[in-house]
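A.B. asks: The structure that follows is given in the form of structure tokens.
Bear in mind that the values in this text are calculations on the coordinates, not laboratory data. Please read all numbers here as calculations on a predicted model, not as lab measurements. Neighbour counts run over all protein chains shown; Cβ positions are idealised from the backbone, glycine included.
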Amino acid sequence: MQSDIPTREEAFALLKQYNTSERAIKHALAVEAVMRYFARKRGQDEEVWGVVGLIHDVDYEQFPDQHCRKAREILSENGWSEDLIRAVVSHGWGICSDVEPASDMEKVLYAVDELTGLVAATALVRPSKSVMDLTAKSVKKKWKNKSFAAGVDRSVIDKGAGMLGVERSDLITDVIMAMREVADQIGLAGNV
């Protein structure tokens, strides 16, 4: 891994340069938290994984039809290393990118991106409106209802869990635990 990794502040500033919606920022913060959690759990560099999670959708708000392709351009122009750019682009594998996740970091990002959305949506329909009391069981119940959070591609989550060699329930639990760490920042602390 390259030593001149963008700082979190640089990554966040770049994200905000291309994303203004509260929803996009909260999603980026959630994915960042999940990536940091998995980095710690797997003995990897939390800063590297965190900035990749934070910046992964840098292009989505302004260029949804060029998602991942435009990210490569933006990150290249800003001096990001090829390994970090590849990680960002690989999260769209099979959807808007032909870069298959290969590294552990890439596989985790691929597996958790969509899942953070499903976890957030599930938390928001609960009386508490919080991830603090959310369980994997509740998320799995909503998983079965295809019209709930219909934009979440459940097959991507399952494919990602398979790449990581983890059970869906364990992946969901880890994502919930990670999102609890930033519940206030992502609007999911609720009234527990």
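A.B. asks: Return the calculated 222 nm mean residue ellipticity for the chain, to the nearest 500 deg cm²/dmol, obtained by summing -39500 (n - 2.57) across DSSP H runs with n ≥ 4 and dividing by the residue count.
C.D. replies: Result for the chain, helices only: -18500 deg cm²/dmol.
A.B. asks: Sticking with this one: Say we join alpha carbon atoms closer than 10 Å with springs in a Gaussian network model of the chain; which of Leu118, Leu164, Leu84 then has the biggest fluctuation?
C.D. replies: Result for the chain, Cα springs under 10 Å: Leu164 fluctuates most.
A.B. asks: Out of the range 52-154, which trypsin sites (Lys or Arg not before Pro) are coil in DSSP terms and have no more than 13 other C-beta atoms within 10 Å?
C.D. replies: For trypsin sites (Lys or Arg not before Pro) across the range 52-154 that sit outside H, G, I, E and B with at most 13 neighbouring Cβ atoms in 10 Å, the list reads Lys144, Lys146.
A.B. asks: Taking the Cα centre of the range 11-132 as origin and charging only Cβ (+1 Lys, Arg; -1 Asp, Glu), how large is the dipole, in debye to the nearest 20? All intermediate terms of the calculation are to be shown ahead of the outcome.
C.D. replies: Details: 14 positive and 19 negative charges, 123 e Å.
The dipole of the range 11-132 has a size of about 600 debye.
A.B. asks: Turning to a different aspect of this structure: For the Cα atoms of the chain, what angle does the longest principal axis make with the long axis of helix 168-180, in degrees from 0 to 90, nearest 10?
C.D. replies: For helix 168-180, the angle is close to 80 degrees.
A.B. asks: Same structure again: Of the listed pairs Lys41/Lys159; Lys107/Lys141; Lys107/Lys146; Lys70/Lys140; Lys26/Lys142; Lys107/Lys142, which have alpha-carbon separations greater than 28 Å here?
C.D. replies: In this structure, Lys70/Lys140 lie more than 28 Å apart at Cα.
A.B. asks: Please list the radius of gyration and Dmax for the range 8-180, considering alpha-carbon atoms only, with Å as the unit.
C.D. replies: Final numbers for Rg and Dmax: 15.1, 45 Å.
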